[in-house]
1. Among the residues of segment 73-94, which ones are modelled with pLDDT of 90 or more, buried (at least 18 other Cβ atoms within 10 Å of the Cβ) and in contact with a Lys or Arg (Cβ under 9 Å, 6 or more places away or on another chain)?
2. What are the residues in segment 135-166 that are among the acidic types (Asp, Glu) and in a helix (DSSP H, G or I), if any?
3. Given the residues Ser263, Ser239, which is the only one that is over 25 Å from Ala346 (Cβ atoms), buried (at least 20 other Cβ atoms within 10 Å of the Cβ) and over 18 Å from the mean Cα position of the chain (by Cα)?
4. Going through segment 198-207 one residue at a time, which ones are surrounded by fewer than 24 Cβ atoms within 10 Å (Cβ to Cβ) and not aliphatic (A, V, I, L, M)?
5. Look through Arg315, Arg366 and report the one residue that is closer than 19 Å to Thr246 by Cα and assigned to a helix (DSSP H, G or I).
6. Quick check: anything in segment 90-108 in contact with a strand residue (DSSP E or B) (Cβ under 6 Å, 6 or more places away or on another chain) and not in a helix (DSSP H, G or I)?
7. Restricting to segment 8-56, and then to whatever is surrounded by 13 or more Cβ atoms within 10 Å (Cβ to Cβ), among the charged types (D, E, K, R) and more than 47 Å from the chain's Cα centre (by Cα), can you tell me which residue is nearest to Ile66 (Cα to Cα)?
Amino acid sequence: MKPAPKSDEILQLDGLPFLEGGFILVERALRSLVGSDTLCVASGEVDFGIHLAAWCRQRSCGFEEIGGGLYRVQRPQNFSVRVATAIAAGAIDNPVAAASESWGLAARGALVEPGISGFYFPLNRRDHVWTRRMAALYRRAAAAQWNPDTAIDWHQNVDNPPEIEDAIVQIMTYLIENETAALVIPARFAAQVHPHYAETMQLLAIQTADEARHIEIFTRRARLKRARLALSSAGGQASLKTLIDTGDFSEAMLLLSVLGEGSFLSLLHFLMSHAPDTLTRQVCALAAKDEARHIIFAMTHLTAAVDNDAALLARFATAIRRRHAELAKTAGLNDEVFYALTLLAAGTTDPAAIGRGYQAVQRLERSMHRARLRRLMQLGFGKSDAQALSEIHTRNFM
């Protein structure tokens, strides 16, 4: 029997069968060799040498049976080529300026083996999709998730006059279709974000989940006392289609979240103030908390984007004007929704109350305008430009 040289590393496997995990320890030991390319393996398994020899041939390793349950394995120069030639997908805490297609779905900071192909993510530049606040925004969004079954008491008594309940059903019908658009848009862009910017992708996914919950609770509220939903207008659908058709991520976030969901947030607070029952107030309050996060996400993203490229403001202004032109011939907010909001604010069909309800809706529209104006100025627009752009925002609110 040839003795194992003292310079050899010796791996003691006792009775562990080669095919039941022994090969794992052999490969690990070969990878970790320092100062030598030779490994001695000691095993008491009867057929260990047969399996080890076959494994060595597959991996171009030298093999020698010393005897007495000892085997010598010679590591080839390219044994760890997969790891040696792997490329780091950036630093885990510091996203790169432009993510490579060759990284595929690898996590940020992972070692990526060469040869990955077939992946294309249009949103692959840091300045377009990521800021340092994204991780914190994601954690906040994840912590704020809620269950419609337990967050709302669906068994509480709701006994509104028929005309008021009909108004709520019409408003809920309108909210559902708006929230459907607000689900489709982030869902589409989430699939376009390079996984290197995982926090943005995750935030968009949570925003999609938020909107799915909103669709559920608005539908459940509408059907609480009625078998059918109310009217969906052609003008309202046309307005939402212009949002869905927007192909640029930043422009879509501006139109949907800063302008649309910003106005929507004002609407939800209006409904909370004038809702005739606690259940409706709960539904709107929970949705409003989520929508506020969506606006913060969009403002964070767009503010950083404008800081990196001030020319974006001109492009944003063009997008707002283009949408206004596309909707110029539509009716805007459908009459049924306007009437329903007025009646809800009035609380009754009494003429004097209807007058007060009408004025309340006018105040709502003015508060929406002020909120849009403030956010546009925060993005960097001058007051006169922000004023003009806010004034041509769709009459359909979203």
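The values are calculated or read from the model by the stated rules, or taken from the named source; none is laboratory data. Only a predicted model underlies this, so the values are computations on that prediction, with no experimental measurement involved. Here the Cβ is made from the backbone with ideal geometry for all residues, glycine too, and neighbour counts use every protein chain on show.
1. Arg75, Ala89, Gly90
2. Just the residues of segment 135-166 that are among the acidic types (Asp, Glu), to begin with: 149, 153, 159, 163, 165-166.
The answer is Asp149, Glu163, Glu165, Asp166.
3. Numbers: Ser263 fails: over 25 Å from Ala346 (Cβ atoms).
Step by step, each of Ser263, Ser239 is checked, and only Ser239 is over 25 Å from Ala346 (Cβ atoms), buried (at least 20 other Cβ atoms within 10 Å of the Cβ) and over 18 Å from the mean Cα position of the chain (by Cα).
4. Glu199, Gln202
5. On the way: Arg366 fails: closer than 19 Å to Thr246 by Cα.
Exactly one residue qualifies, and that residue is Arg315.
6. Within segment 90-108, one or more residues are in contact with a strand residue (DSSP E or B) (Cβ under 6 Å, 6 or more places away or on another chain) and not in a helix (DSSP H, G or I).
7. Asp8
Residue-wise test of (1) part of a loop (DSSP other than H, G, I, E, B); (2) among the charged types (D, E, K, R); (3) assigned by TED's automatic domain parsing to the domain that holds Val169.
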{"position": "Arg322", "(1), (2), (3)": "no, yes, yes"}
{"position": "Ala328", "(1), (2), (3)": "yes, no, yes"}
{"position": "Ala331", "(1), (2), (3)": "yes, no, yes"}
{"position": "Thr349", "(1), (2), (3)": "yes, no, yes"}
{"position": "Ala353", "(1), (2), (3)": "no, no, yes"}
{"position": "Arg356", "(1), (2), (3)": "no, yes, yes"}
{"position": "Ala360", "(1), (2), (3)": "no, no, yes"}
